[in-house]
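The values are calculated or read from the model by the stated rules, or taken from the named source; none is laboratory data. Here the structure is a predicted model, which means the values were calculated and not measured. When we count neighbours, we look across all protein chains shown, and the Cβ atoms used for this are built from the backbone with ideal geometry, even at glycine.
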Amino acid sequence: MREAAFVKQNKDNWLRFENILQNNIQVSPDEISKLYIMMTEDLNYAQTFYQGSQTHQYLNELSVLAHQKIYKTKKESKNRFIKFYTKEFPLFFYQYQKQLLLAFGVFLLFSIVGAYSASNDASFVRLILGDAYVNSTIDNINKGDPMAVYKDANQTDMFLGITVNNIKVSLFAFVAGIIFGLGTVFIVIQNAVMLGSFQYFFYDQGLLWESARTIWIHGTIEISVIIVAACAGLVLGKGILFPGTYTRLQSFAKSAKDGLKIVISTIPFFIIAGFLEGFVTRLTNMPDWLAILIISSSLALILYYYVILPILIHKKHEQQLH
């Protein structure tokens, strides 16, 4: 992007931030935080592409002023982690709701494809899930404990192993977006087809409810944040395919940074999902109402954090600007 276009695109935010700082104007902490983050990102950009220019010098001076005004105590740094997850990320994520919807749509479509394929080809489930898993599960069904697979491993080992594995899957789904988003779509299709065939397998065994009430205790969050990680991969792919007013390299750098933020947001949820799978899913004798409560609460948490909260914070931010 040319320097003149860069200045024109962002100068209103810079001037507002400078006015607030110099005149001690009372505004919400959220707005100060948002303006500071935007200014810092613009400074980093200017330092990379316009180093030594008047724009770079101005932003550097504004950064020093902001640092002196905002970071007077250590309280802000202590709350930085919490603020990222509760304020900064939801506001940032609002712009990527379309990519999230696309990732969800692809996942839902190919879950149905997986179930349909399994219903029309008896060998499809074994092809997707593997003979070892299918044979082991049928053996557990015959023993009267179809969900025994969740009881075999040590609880702590299962929790740690699953959490680490899920985080790896999310990172891979993000990085695969570098292949113009196609790599991410392929990973989504793989996981969706597996889920669809998996659920049909239990339906065919007459155990659809038994499997759903057990598996979705952890699967609600686990599958949801895999979709969110796929959203990050689509953001990366879009940045490469459609650079807009940026050069392709600049657009790639920005989309990679944005996608990584999205992946980082999923880590606490993967920890929760790993805990549920390691310690709670194995409790297959819990009453139905408790299983339903856990599943519905998990779904509500995901929908609130990734859909509702970004909309609410965005609306609040818009009102404050006006």
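Please tell me if Leu65 is among the hydrophobic types (A, V, I, L, M, F, W, C), out of contact with any strand residue (DSSP E or B) (no Cβ under 8 Å at 6 or more places or on another chain), closer than 18 Å to Glu88 by Cβ and not assigned by TED's automatic domain parsing to the domain that holds Lys257. Spell out the reasoning first.
Details: among the hydrophobic types (A, V, I, L, M, F, W, C): yes; out of contact with any strand residue (DSSP E or B) (no Cβ under 8 Å at 6 or more places or on another chain): yes; closer than 18 Å to Glu88 by Cβ: no; not assigned by TED's automatic domain parsing to the domain that holds Lys257: yes.
It is false that Leu65 is among the hydrophobic types (A, V, I, L, M, F, W, C), out of contact with any strand residue (DSSP E or B) (no Cβ under 8 Å at 6 or more places or on another chain), closer than 18 Å to Glu88 by Cβ and not assigned by TED's automatic domain parsing to the domain that holds Lys257.
Ile215 passes all but one of (1) at pLDDT below 95; (2) surrounded by fewer than 20 Cβ atoms within 10 Å (Cβ to Cβ); which number fails?
Going through the list (1) at pLDDT below 95; (2) surrounded by fewer than 20 Cβ atoms within 10 Å (Cβ to Cβ), Ile215 breaks only (2).
If you check Ile271 against the conditions, is it part of a helix (DSSP H, G or I) and closer than 21 Å to Val169 by Cβ?
Against the criterion (part of a helix (DSSP H, G or I) and closer than 21 Å to Val169 by Cβ), Ile271 qualifies.
Would you confirm whether or not region 104-117 contains a residue that is closer than 20 Å to Lys261 by Cα and outside any helix (DSSP H, G or I)? Let's see the steps before the verdict.
Start the filter on region 104-117 by keeping residues that are closer than 20 Å to Lys261 by Cα, which leaves 104.
Narrowing the set further to residues that are outside any helix (DSSP H, G or I) leaves none.
There is no residue in region 104-117 that is closer than 20 Å to Lys261 by Cα and outside any helix (DSSP H, G or I).
Answer with yes or no whether Ile313 is closer than 27 Å to Trp14 by Cβ, touching a helix residue (DSSP H, G or I) at 6+ places or on another chain (Cβ under 6 Å) and touching a residue at least 24 places away in the same chain (Cβ under 8 Å). First the steps, then the outcome.
On the way: closer than 27 Å to Trp14 by Cβ: yes; touching a helix residue (DSSP H, G or I) at 6+ places or on another chain (Cβ under 6 Å): yes; touching a residue at least 24 places away in the same chain (Cβ under 8 Å): yes.
Criteria met by Ile313.
With at pLDDT below 95 and surrounded by 22 or more Cβ atoms within 10 Å (Cβ to Cβ) as the only criterion, which of Gly239, Gly196, Gly206 stands out? Quick ask: steps written out before the conclusion?
Values: Gly196 fails: at pLDDT below 95; Gly206 fails: surrounded by 22 or more Cβ atoms within 10 Å (Cβ to Cβ).
Just one listed residue meets the conditions, Gly239.
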